[in-house]
């Protein structure tokens, strides 16, 4: 079974600075997807960024980018120019890319990000 | 209303009560999901419906009973719950459940407290 580990329960960053959230996962599959979800205090979870395992290029979405290290099974999220609105719980998630219950998302425990003004 | 909505947003119930959580999606999706979010634990998938058919029951106790009358609505019927069932219950939807990737869109959740 796949597992997702977020080793940082809490992180903080100064406004306008850069922060990196860590995520590692365990899988024997070669085809899969990885995601970062954001859950602000209002609780509606939204997708921040996704990465297909077969793509070598790291995904980017504006101020959000990932460092995907497939061999190391690492998938960190970098937030540049942090804003107060970035404060939220961030979840890393894994989804199989082939066969069986491939719609099932496996989540990490989350990292609570605080942005200090 | 747009996206995924959930009602009620907060619910307090006794262990002998019967209540229902409602989820509605306005995205034209065909797959819907129930997740349980407890403090200090990862989100746990509970149920998956794809085109109104239940395709996943993740070993959920029978005191939780899902219902999907159509692709836009999903219910979670609750009866004789335990205090450890207190959690945030999240509903999500996606275009379909399998096989290709389809982004899941989440609702705001229902905060359930069982006394």
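If a spin label sat at a point 7 angstrom from the Cα of residue A:116 along the line to its beta carbon, the backbone N atoms of the range A:6-50 nearer than 11 Å would be those of A:12-15. Taking the Kirkwood radius as Rh and the Cα radius of gyration as Rg, the protein assembly as shown has a ratio of Rg/Rh equal to 0.97.
Three principal axis extents describe the C-alpha atoms of chain B; from largest down they are 40, 31, 29 Å. Sketch the reach of a paramagnetic label on residue A:67 as a point 7 Å from Cα along Cα-to-Cβ, and name the residues of the range A:78-97 whose backbone nitrogen lies under 12 Å away. Residues passing the 12 Å test: A:78-79.
Stretching residue B:115 away from residue B:41 to a fully extended chain increases their span by 24.6 nm, per 0.36 nm per residue minus the current alpha-carbon distance. Using the Cα coordinates of the range A:1-91, the gyration tensor eigenvalues translate into equivalent-ellipsoid semi-axes of 23, 14, 12 Å, sorted from longest to shortest. Once you have a ≥ b ≥ c as the square roots of the Cα gyration tensor eigenvalues for the range B:50-99, tell me rounded if a/c is under 1.5, and otherwise prolate or oblate according to whether a/b is larger than b/c. Prolate is the answer for the range B:50-99, as a/c is 1.5 or above and a/b outweighs b/c.
Every number in this text was worked out from the coordinates using simple rules, so none of it is lab data. Quantities reported herein were computed from a predicted structural model and do not represent experimental measurements. Don't worry about glycine lacking a Cβ; one is built from the backbone with ideal geometry, like all the others, and counts go over all protein chains shown.
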